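Asks: Before anything else, here's the structure in question.
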Amino acid sequence: MSTIVLIENKEINGAYKQLSNQYKGRKDNYFALLYLMKKFKITLEEASSYVSFGENECGIDAFYHDRTTRNLYLFQFKWSEDHLLFRDPLQRLVDDGLERIFGNSLWYHQSQSQLLIRLTTCITENSSIIDRVLIHFVFNGDPIKAEQSKVLDLLRERLESKKYIIDRYFGRQIDMIFQVISNEKTLGHPFLRKQSAVYTVELDSLLKVANQNNELVVTFVSLDILHKMYSDLGEKFFEKNIRSGLDDGKMTNSEIKKSLQRILANKEPSEYFTFYHNGVALTAQELAFDGQSLKMTEPRLLNGAQTVKTVKQFVEEENKKQVDNKNKVQELLNRIKVMTRIVRSREEEFLKRVTINNNRQNPIMPWNLRANEIVQLQLEEQFRDKLGIYYERRENSLTNLTNEDLEDMNITTHTKAIEIRKLAQTLLALHGEVDKISQIKEVFENERWYNDTFRKEYLDIDPRRLVLLYKIQYRMPTIVKEIQYISYERYDHSGKLRNLVWCLAIQGIMNEDKFDSYVQTYGNSLNIEANFNIMLKNIASMKIRFILKDTFYDSRYSEYLNQSKYSFLKTKATYNDCMQVARRKFGWDKKDLLM
């Protein structure tokens, strides 16, 4: 039984006050110090040699080798309830941390970290008596929430995919166990360890292609196995897919159902389904063969979401028809097999290219390729956990979720979602990037533009601010009509004005004295409240129309308008001129969510 360790705030404050002159460092470091002393029953002097007081090169800030249990512990400590604070250290561990600890000796000689030097020395001297590497992230929050975090789960998967670095170092198989541990909220389950999902496929035939980092297996997998994977893993099964449930271009939803129904009614042989279907593609963390079967660890679907979802619908519908249908349907799924390509790769970018090339049957938009990036996963968590709003980073994912699925995710709004492309356009409008709003494909393709749009700092702000600004786009037709209706000038180019007015509307609401009040009132849902609409119309009629009038009074713009040349309306230069007028007339400053 693992020792439950509880560190109290007063203990850390006392240790920091007493020892900080000697060791320096942060409060988290003294959390680590006291934790190691209690867990392993060691002295202060011993524990201090296992803790980093400031350095954190590899994503860990403490370690310990327990010779009795033959365990090597790698720790990260956060004196906080926020599990997402582990994102950056876990990312460092994935990026080069494991390689620096267990891999290239060049890192050792170049390192300035005393902790890393002591750790690598410890591993070298005790390599024969280390059987397990336990990576423990310790904090004060809810371990269940941390376990459910898609951000941490993705990083954990990436970390586990690099276990080969550890095995290569020791020259044998070493267990690597990742755990998130709560110092306070033990909930009767203090050591939360993720159990990997493993599925066994009985092999009739198998083709294999492999190199050092990548492996491809082609075989036949029963619909029963695919259905079980989806039933067990839910939407997580599609996390590696860049879209969710689009027509896969092989057999449509209705055709799949009709074929299954004909086979169930003995009107055609089950092999026909295999002939009709072009197959599915999976990836897995690990593949293991024993000659008769193939074991897949943590499988994810790369292509074929429509097929899997349709099979599930078919099973549910048939099981409702007759009680005795259940066994027949189960036997049917066991008999029907589809060709399956299973890819295991140690290279994240390579796996991404595989996914893209397995989804060529439908147009692939640049935002599809960004759907599984860390910033998008964290935005999903922020909107879900803090507001109960679904963030549709993968196309069609909302339509494929039932109300029960959404309730399990604590999503309170079942009919609307924040869409990745529209959120990007909202952020571009916030930045005044009028031209880029209509160049949205290029924004997702250009790394610098993309990173400047989805700024990492936005992950730490109140998400209600993002929701409030996001909703403005729904009222843009009303805002433009309002400007047209009450203006003496007739804007024949009103359609071209939309993006410029969108940028100004965002600045208008953010420059309002009541902006924080608007965030609290209108930022909690995607509903368009009547007063929200009135507030935007007032900004349009009382401010934006005068800004446009004064800006276009300039001879340059007047000439463009007289000649019906409207391209200037989609430039950032025009936006900047409008903002100068807005500053002069209404005292506007250019606002950002970070201010």
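The values are calculated or read from the model by the stated rules, or taken from the named source; none is laboratory data. Since this is a predicted model, take the numbers as computed values, not measurements. With ideal geometry, Cβ positions are generated from the backbone for all residues, glycine too; neighbour counts draw on all protein chains shown.
Asks: Which ones in segment 514-548 are over 33 Å from the mean Cα position of the chain (by Cα) and touching a residue at least 24 places away in the same chain (Cβ under 8 Å)?
Replies: Met535, Lys537, Ile539, Ala540, Ser541, Lys543, Ile544, Arg545, Phe546, Ile547, Leu548
Asks: From the set of residues in segment 175-207 that are hydrophobic (A, V, I, L, M, F, W, C) and modelled with pLDDT of 85 or more, which is farthest from the chain's Cα centre (by Cα)?
Replies: The residue in question is Leu207.
Asks: Taking Arg262 and the conditions (1) of a type outside the set (A, V, I, L, M); (2) at pLDDT 90 or above; (3) surrounded by 16 or more Cβ atoms within 10 Å (Cβ to Cβ), which numbered condition does it fall short on, given that it satisfies the others?
Replies: (3)
Asks: Sticking with this structure for a sec: Can you tell me which residue among Asp131, Asp232, Asp204, Asp142 is surrounded by fewer than 17 Cβ atoms within 10 Å (Cβ to Cβ), not polar (S, T, N, Q) and not assigned by TED's automatic domain parsing to the domain that holds Glu349?
Replies: Result: Asp131 is the single residue among Asp131, Asp232, Asp204, Asp142 that is surrounded by fewer than 17 Cβ atoms within 10 Å (Cβ to Cβ), not polar (S, T, N, Q) and not assigned by TED's automatic domain parsing to the domain that holds Glu349.
Asks: Being in contact with a helix residue (DSSP H, G or I) (Cβ under 7 Å, 6 or more places away or on another chain) and in a strand (DSSP E or B), is that true of even one residue in segment 86-105?
Replies: No.
Asks: Take the residues in segment 426-445 that are assigned to a loop (DSSP other than H, G, I, E, B) and touching a residue at least 60 places away in the same chain (Cβ under 8 Å), then tell me which one is nearest to Val501 (Cα to Cα). Show your work before the answer.
Replies: Filtering segment 426-445 for residues assigned to a loop (DSSP other than H, G, I, E, B) gives 431-433, 438-439.
Pick out the ones that are also touching a residue at least 60 places away in the same chain (Cβ under 8 Å) and you get 431-433, 438.
Values: His431: 13, Gly432: 10, Glu433: 12, Ser438: 14 Å.
It comes out as Gly432.
Asks: Pick from segment 54-75 the residues that are closer than 23 Å to Gly14 by Cβ and within 31 Å of the chain's Cα centre (by Cα): which of them is modelled with the lowest pLDDT? If you could, list the steps in order and put the result at the bottom.
Replies: Residues of segment 54-75 that are closer than 23 Å to Gly14 by Cβ, as a first pass: 54, 61-62, 64, 75.
Next cut, within 31 Å of the chain's Cα centre (by Cα) only: 54, 61-62, 75.
Numbers: Gly54: 78, Asp61: 91, Ala62: 94, Phe75: 95.
Out of the qualifying residues, it is Gly54.
Asks: What are the residues in segment 323-355 that are assigned to a helix (DSSP H, G or I) and either at positive phi or among the β-branched types (Val, Ile, Thr) (or both), if any?
Replies: Val329, Val354, Thr355
Asks: In addition: Can you pull out every residue in segment 275-311 that is surrounded by 15 or more Cβ atoms within 10 Å (Cβ to Cβ) and part of a helix (DSSP H, G or I)?
Replies: Within segment 275-311, Ala305, Gln306, Thr307, Val308, Lys309, Thr310, Val311 meet the criteria.
Asks: Using beta carbons and a limit of 6 Å, which pairs, at least six apart or on different chains, have the first residue in segment 568-595 and more than 16 Å from Arg545 (Cα to Cα) and the second one of a type in the set (Val, Ile, Thr) and surrounded by 15 or more Cβ atoms within 10 Å (Cβ to Cβ)?
Replies: Phe568/Thr574; Lys570/Val434; Lys572/Val434
Asks: Among the residues of segment 145-164, is there at least one that is β-branched (Val, Ile, Thr) and under 23 Å from Thr297 (Cβ atoms)?
Replies: Yes, segment 145-164 contains at least one residue that is β-branched (Val, Ile, Thr) and under 23 Å from Thr297 (Cβ atoms).
Asks: Shifting gears a bit: Exactly one condition in (1) at pLDDT below 90; (2) among the aliphatic types (A, V, I, L, M); (3) more than 23 Å from Gly432 (Cβ to Cβ); (4) buried (at least 16 other Cβ atoms within 10 Å of the Cβ) is not met by Ile486; state its number.
Replies: Against the list (1) at pLDDT below 90; (2) among the aliphatic types (A, V, I, L, M); (3) more than 23 Å from Gly432 (Cβ to Cβ); (4) buried (at least 16 other Cβ atoms within 10 Å of the Cβ), Ile486 comes up short only on (4).
Asks: In segment 70-85, how many are in a loop (DSSP other than H, G, I, E, B) and out of contact with any Phe, Trp or Tyr (no Cβ under 8 Å at 6 or more places or on another chain)?
Replies: The qualifying residues number 1.
Asks: Select from segment 274-298 the residues that are under 19 Å from Asn213 (Cβ atoms) and of a type outside the set (Val, Ile, Thr) and list them in ascending order.
Replies: Residues satisfying the conditions are Ala281, Leu282, Ala284, Gln285, Glu286, Leu287, Ala288, Phe289, Met296, Glu298.
Asks: Any residue that is under 19 Å from Asp204 (Cβ atoms), more than 28 Å from the chain's Cα centre (by Cα) and free of Cβ contacts under 8 Å to residues at least 24 places away in the same chain - is there at least one of those in segment 274-284?
Replies: Checking segment 274-284: at least one residue is under 19 Å from Asp204 (Cβ atoms), more than 28 Å from the chain's Cα centre (by Cα) and free of Cβ contacts under 8 Å to residues at least 24 places away in the same chain.
Asks: Regarding Lys441, is this residue closer than 29 Å to Glu348 by Cβ, surrounded by fewer than 22 Cβ atoms within 10 Å (Cβ to Cβ) and at pLDDT 95 or above?
Replies: In short, no.
Asks: Sort out which residues of segment 551-595 are among the acidic types (Asp, Glu) and more than 18 Å from Thr426 (Cα to Cα), and write them in order of number.
Replies: Passing the criteria: Asp554, Glu559, Asp577, Asp589.
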